[in-house]
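Accompanying notes for the structure given below.
Every number in this text was worked out from the coordinates using simple rules, so none of it is lab data. A quick note: this is a predicted structure, and the numbers were derived from the prediction, not measured. Don't worry about glycine lacking a Cβ; one is built from the backbone with ideal geometry, like all the others, and counts go over all protein chains shown.
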Amino acid sequence: MSTGDKQDFFDKPENIQRILRTFYAICALLVLADFVVHRHTEHGWEGLPGFYPLYGFAGCVILVIIAKWMRKFLMRPEDYYDRLELGGDAPSGVNVSTGAGSRSPEEGMRGGQEHV
Amino acid sequence: MAPFIPFFVAALLAMVLRGWPRALVMIAVPLLGLANLWMLGAGSFGAYSVLEFDLLLFRADKLSLLFGYLFHVAALIAIIYALHVRDTLQQVVSLLYAGSALGAVFAGDLLTLFIFWELLAVTSVFLVWARRNGRAYMAGLRYFTLHILSGLLLLGGIIFYGQAHSTLSFGQIGLGDNAYSWMIFLAFGIKCAFPFFHNWLTDAYPESTPTGTVFLSAFTTKAAVYALARAYPGTELLVYIGATMACFPIFYAVIENDLRRVLAYSLINQLGFMVVGIGIGTSLAINGAVAHAFNDVIFKGLLFMSMGAVLHVTGRINGSELGGLYKTMPKTTILCIVGAASISAFPLFSGFVSKSMVMSAAIKNGYDWVWLILLFASAGVFHHAGIKIPYFAFFAHDSGIRAQEPPANMLVAMTIAAALCLAIGIYPQALYSLLPHEMAYTPYDVTHVLTQLQLLFFSALAFVWLNLRRLYPPELPSVNLDVEWLYRRLFPQAVRGFVTAVFRLDGRARRAAIAGVGSLMDSVASHHKPDGVLARSWLTGSMVAGVILLLGVYLLLGFAL
């Protein structure tokens, strides 16, 4: 694959659209299969047609909504503990608050691998 | 030869050797160890006695042999992954650490187990400290403290156990009306990252070096799973603990930014499946639990390796700073996706053939609600480990980073792990033949495959839908509060507040005392200073008047009496 900035496969919206359409089609087929294939089931609600697709979809949506709501009272700034534990000054290799992105990747932060 | 000995000897050699001889020794050790273990097979040797207790250095049955093979494979993969590291400390302690894990699973008695239990803690903490920054140092201290606590509980439990049984043989213990069973249970539980004791894992693992985390993720928690499977199979409490462990970390994983910390939370989630299996305790459930432990070491190792590779080449690991790496790291991307598919239990990948055993056991034994929770956790795993990890690291928005593929040894290690994930997924009979209980189980039937695909595809559909509707929480640079807040924030601040209050009170008392002394001095001085009552020079006349007054008083008293 390329190393430059030329358009890659996932950069083109039409490719994304094509993948998504295939994906939707597979999802539809999987639901339809429930009405064709006879599943052996252990439990009442497990045998309902569409139980697994619905449970998977609803479960994940609820998961994300609850997780987002948890952020309201659990999220703290990135240096929340460091201020107390490291006395405010960040040692090399610790990414404190907003400095992200401005540092060059090579900047002595290979996770302590340089030591001999 | 006891399986830990080759590793300890190799650690000594690694201390003095450099360059390719060291690499050769390190690669040879797990291979020779595997051959050694294969020849040993089931059996026991190495009996010795301490204080009238008969101890046993090596005792192997199918359960411990499975973990023995697993630890050799994991050590081989992790050693290859770390071959480029020029850090003697890391190389030596990783060998000692792997050896300690082997010593623990083949320990025939509790005291030998305790020794290796502590060695696991002492050796692994250096892998955290090897990152050599302030954060890693503090995280390592907390990690070490909790693991020493686990060791002390184990030792206490062993002492009571020895008093009650007059033998220290390591076998089924089971919870009962005695202190030792609970102490040992808790000791294993801390190492197994039970809820409320889980933060050492999410705290320390992501702070280790890219290679150190791969070692860490393989041994400690799996040794604890082995110990629980040996001593507490069929303990119902474990079913509920395991269901909690499978469920709550996925919420944290969704909002966590550090991708290796996401994997640490998902490691707890996978441990939950194993703990549920041990708690159910039927042969299918125990088989499922240990098979899942086997697979988890490999696919979780693969995921930690792929994220370690990203950290190694970009110097970053936060989801908010990564993205678009597939363009220049296609091999790492594909290997990561294999790991993600395995942990999500896609058919033909390793997670599928073991997780379904635990799920089947749960529903067959009437744990309907637990089964529903595990099903939710399965969907959640796919969501955060299966999609989030590869998506935010390699796809999502283009971060502009154009990093090259990691060194060849890292790619080789990841390829071995990915090949194992696929091999076990396609031909699970090889793994099943190693399991402790005989059983007939076929993971690949229409129902299993269809329902699992439905679950996974619709979890993915939820991700797509949430992303298109822009409802998916963005990756934000942040810290999320967890139980660790109690001992990282509340307790230190309470201590700090208490100490400050004591000092303030002390200061106030001292000031009051000094002020009291000062005012006493002032009042004394006020009588003695010039013109003070006692320093004034008196007139002779006033003295005569005083004497007359005194005599007058005597006269009056003389008349009165």
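For peptide A:45-58, the mean count of partner chain Cβ atoms within 10 Å of a residue's Cβ comes to 6. Among B:Thr112, B:Ile337, B:Leu31, which residue has its Cα furthest toward the positive end of the charge dipole of the protein assembly as shown, with +1 on Lys/Arg Cβ and -1 on Asp/Glu Cβ? Result: B:Ile337.
In plain terms, if you count all Cα to Cα distances in segment A:48-87 and split them into 10 Å steps from zero, the share in each step is 25, 26, 22, 16, 9, 3 percent.
Between 0 and 90 degrees, the angle of helix B:491-528 with respect to the longest Cα principal axis of chain B falls at about 10 degrees.
When A:Cys60, B:Cys192 are arranged by Cβ crowding within 10 Å, least crowded first, meaning fewest neighbours, the order is A:Cys60, B:Cys192.
Among A:Leu54, A:Leu63, sorting on how many other beta-carbon atoms sit within 10 Å of each Cβ, with the fewest leading, yields A:Leu54, A:Leu63.
Which FRET efficiency value, to the nearest 0.05, is calculated for B:Trp20 and B:Leu422 with the Förster distance at 35 angstrom and r the Cβ-Cβ distance? That pair, B:Trp20 with B:Leu422, gives E of 0.70. Partner shielding of B:376-382 amounts to 4, given as the average count of beta-carbon atoms from other chains within 10 Å of each residue beta-carbon. Under the criterion of Cα pairs below 8 Å and six or more residues apart, the relative contact order for chain B equals 13 percent.
Taking a straight Cα-Cα cut-off under 13 Å and skipping sequence neighbours fewer than 8 places away in the same chain, the aspartates and glutamates within cross-link reach of B:Lys355 are B:Asp296.
Using packing as a proxy for protection, rank B:399-412, B:32-45 so that the peptide with the highest average count of other Cβ atoms within 10 Å comes first. Numbers along the way, then the final one.
On the way: B:399-412: 16.9, B:32-45: 14.4.
The packing order, highest mean first, is B:399-412, B:32-45.
Peptide B:1-10 shows a mean partner chain C-beta count of 0 within 10 Å per residue C-beta. For the pair B:Glu405 and A:Trp45, label points projected 7 Å from Cα toward Cβ lie 4.8 nm apart. Separation of segment B:1-25 and segment B:243-314 by C-alpha centroid, Å? Using only Cα atoms to place each centre, the spacing works out to 30 Å. To test your reading of the geometry: what angle, between 0 and 90 degrees and rounded to tens, separates the Cα axis of helix B:62-81 from the longest principal axis of chain B? Approximately 80 degrees, to the nearest 10.
Ranking request for peptides B:302-308, A:69-75, B:539-545, B:381-387: highest mean number of other beta-carbon atoms within 10 Å first, then the rest in descending order. Mind showing how you got there, number by number?
Values: B:302-308: 30.0, A:69-75: 13.4, B:539-545: 8.9, B:381-387: 27.4.
Answer by packing, highest mean first, reads B:302-308, B:381-387, A:69-75, B:539-545.
For segment B:8-55, the calculated P(r), taken from all Cα-Cα distances in 5 Å bins from zero up to the bin holding the longest distance, is 5, 17, 17, 14, 13, 14, 12, 6, 2, 0 percent.
For B:Leu55, the amide hydrogen comes within under 5 Å of the amide hydrogens of B:Tyr48, B:Ser49, B:Val50, counting only partners 5 or more places away or on other chains and with H modelled in the peptide plane. Coupling constants for segment B:226-232 follow from the phi torsions by the Karplus curve (6.51 cos²θ - 1.76 cosθ + 1.60, θ = phi - 60°), and in residue order they are 4, 4, 5, 5, 6, 9, 10 Hz; glycine and proline get x. Considering segment B:487-560 at the alpha-carbon level, its Rg and Dmax are found to be 28.1, 87 Å. Between A:Phe10 and B:Leu13, the modelled labels are 4.3 nm apart [label points 7 Å from Cα along Cα→Cβ]. Pairwise alpha-carbon distances in segment B:428-509 exceed 20 Å for 72% of all pairs. Computed from phi, the 3J(HN,Hα) profile of segment B:50-59 under the Karplus parametrisation 6.51, -1.76, 1.60 (θ = phi - 60°) reads 10, 6, 6, 9, 8, 10, 9, 6, 9, 9 Hz, with x in place of Gly and Pro. Checked against a 23 Å cut-off, the cross-linked pairs B:Lys331/B:Lys388; B:Lys364/B:Lys388; B:Lys222/B:Lys388 give Cα-Cα distances beyond that limit for B:Lys364/B:Lys388; B:Lys222/B:Lys388. In chain B the Cα-Cα distances spread across 10 Å bins starting at 0 as 3, 16, 26, 23, 11, 4, 3, 2, 3, 3, 3, 2, 1, 0 percent of all pairs. Reported to the nearest whole Å, the Cα centre-to-centre distance from segment B:85-163 to segment B:348-424 is 27. Provide the FRET efficiency to the nearest 0.05 for the B:Met439-A:Arg83 pair, computing r from the beta carbons and using R0 = 35 Å. With R0 = 35 Å, the Cβ-Cβ based efficiency is 0.05. Each listed q (0.15, 0.22, 0.23 Å⁻¹) maps to a log10 I(q)/I(0) for segment B:106-190 from the Debye sum over equal C-alpha point scatterers, namely -0.58, -0.97, -1.03.
Once you have the Kirkwood Rh of the protein assembly as shown from its Cα pairs, apply Stokes-Einstein at 25 °C and 0.890 mPa s and quote D in µm²/s. Mind dumping the intermediate values first?
Details: Rh = 27.6 Å.
Calculated translational D: 89 µm²/s.
Note on B:Leu31 and B:Ile548: their simple-model spin labels are 12.7 nm apart, each label 7 Å out from Cα toward Cβ. Phi angles of segment B:553-561 translate, via the Karplus equation with coefficients 6.51, -1.76, 1.60 and θ = phi - 60°, into HN-Hα couplings of 5, 4, 4, 4, 5, x, 5, 5, 8 Hz per residue; Gly and Pro are given as x. Using C-alpha pairs under 8 Å with a sequence gap of at least 6, the mean separation divided by the residue count of segment B:6-106 gives a relative contact order of 37 percent. Angle of helix B:88-105 to the longest C-alpha principal axis of chain B, folded into 0 to 90 degrees and rounded to 10: 70°.
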